[in-house]
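Each reported figure results from applying straightforward, stated rules to the coordinates on display, with no laboratory input. None of these values were measured; they are calculated from a predicted model. Here the Cβ positions follow ideal geometry from the backbone for every residue, glycine too, while neighbour counts run over all protein chains shown.
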Amino acid sequence: GVIFATKAMRDRPDRSAILSKAPYPIQYIIGKEDQSIPLEKSLEQCYLANEAHCLFLGSCGHMGMFEHELAVRHALECF
């Protein structure tokens, strides 16, 4: 199941166009040391949304909700 889910995430179609058309704010939580999604790619997506709320986490990889639980929780509560 884990292998299938990982492949499905990897092979999913690009849905970036949805971000530029979203009539609602988008929350981004980005680990600056993410090895799965490079910071440059995340920044490109931040500019697509009409209203973007961005939290950049230093010393953090792809799992910010575990690596910086309190900061992520606070950002989501404020959002």
Which distance in nm do the two modelled labels at residue 59 and residue 76 give, with both placed 7 Å along the Cα-to-Cβ direction? 2.2 nm
Using helices alone, what [θ] at 222 nm do you get for the chain, with -39,500 (n - 2.57) per DSSP H run of 4 or more residues, divided over all residues and rounded to the nearest 500? -12500 deg cm²/dmol
Please list, ordered by chain and number, the residues whose modelled amide H lies under 5 Å from the amide H of residue 28; skip anything fewer than 5 residues away on the same chain. 53, 54, 55
In the chain, taking the dipole from +1 charges on Lys and Arg beta carbons and -1 charges on Asp and Glu beta carbons about the Cα centre, the listed residue (9, 30, 79) farthest towards the positive end is 9
